[in-house]
Amino acid sequence: MARILVIDDNPDNMELMTYLLRAAGHQTLRAADGIAGLEAATGQSADQPVDLIVCDSHLPGMDGSAVVRRLKADPERSAIPVLVATASRGGDDVARLLADGFDGFIAKPIVPADFLRRIEQFLPAMA
């Protein structure tokens, strides 16, 4: 079981992603904006770290790119995989997001099987 933080301001997307993750046996944490997401990620103790973060690209307060740049600059959290959830399909948009520091992307609208497959690619093997 992994601990996964989902940062998304759209309640429907948040509900779907957390439902799918919980159904797959993962523990979820939620944040509805970039600032709360950053606080949730950095507020986790060393004995219960976040294993993966799924972050929307367009968030109130602080966008997803600013969130991932701050996380990747933090030596204690830089190794946490951060996936961007985005409706952008263009190669340039996705390339920019990856250049900002995201480790991968999940296409919106969320397709359950694709979403879970993508998540599993970025999780360490859980003992």
Just wondering, is there one or more residues in the stretch 73-96 that are of a type outside the set (Val, Ile, Thr), in contact with a Lys or Arg (Cβ under 6 Å, 6 or more places away or on another chain) and closer than 11 Å to residue 5 by Cα? no
What number goes with the only condition from (1) of a type in the set (A, V, I, L, M, F, W, C); (2) in contact with a His (Cβ under 7 Å, 6 or more places away or on another chain); (3) surrounded by fewer than 18 Cβ atoms within 10 Å (Cβ to Cβ) that residue 24 does not pass? (2)
The correct count of residues that are among the hydrophobic types (A, V, I, L, M, F, W, C) and more than 24 Å from residue 63 (Cβ to Cβ) in the stretch 21-49 is 3
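Kindly indicate whether residue 40 is surrounded by 15 or more Cβ atoms within 10 Å (Cβ to Cβ), more than 15 Å from residue 119 (Cα to Cα) and at pLDDT below 95. So that I can check it myself, show each step before the final result.
Details: surrounded by 15 or more Cβ atoms within 10 Å (Cβ to Cβ): yes; more than 15 Å from residue 119 (Cα to Cα): yes; at pLDDT below 95: yes.
Yes: the conditions hold for residue 40.
Could you tell me which of the residues 68, 54 is more than 14 Å from residue 101 (Cβ to Cβ) and either not polar (S, T, N, Q) or not in a helix (DSSP H, G or I) (or both)? Break it down stepwise before answering.
Values: 68 fails: more than 14 Å from residue 101 (Cβ to Cβ).
Checking each option against the conditions leaves just 54.
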When the residues of the stretch 1-14 are filtered to those that are under 14 Å from the mean Cα position of the chain (by Cα) and outside any loop (DSSP other than H, G, I, E, B), which remaining residue is farthest from residue 65 (Cα to Cα)? 3
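I'd like the full set of residues that are in contact with a Phe, Trp or Tyr (Cβ under 9 Å, 6 or more places away or on another chain) and either at pLDDT 95 or above or of a type in the set (Ser, Thr, Tyr) (or both), limited to the stretch 86-103. If you could, list the steps in order and put the result at the bottom.
Step one: list which residues in the stretch 86-103 are in contact with a Phe, Trp or Tyr (Cβ under 9 Å, 6 or more places away or on another chain), which gives 86, 88, 94, 97-98, 103.
Selection gives 86, 88, 103.
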Please tell me if residue 32 is in contact with an Asp or Glu (Cβ under 6 Å, 6 or more places away or on another chain), at pLDDT 95 or above and not polar (S, T, N, Q). yes
Total residues in the stretch 68-85, condition touching a strand residue (DSSP E or B) at 6+ places or on another chain (Cβ under 9 Å) and of a type outside the set (D, E, K, R): 8
I'd like to verify a number: residues in the stretch 23-51 that are among the aliphatic types (A, V, I, L, M), outside any helix (DSSP H, G or I) and under 16 Å from residue 3 (Cβ atoms), how many? 5
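The values are calculated or read from the model by the stated rules, or taken from the named source; none is laboratory data. Since the model is a prediction, treat every value here as computed from it, not as a measurement. Cβ: placed from backbone, ideal geometry, glycine included. Neighbour counts: every protein chain shown.
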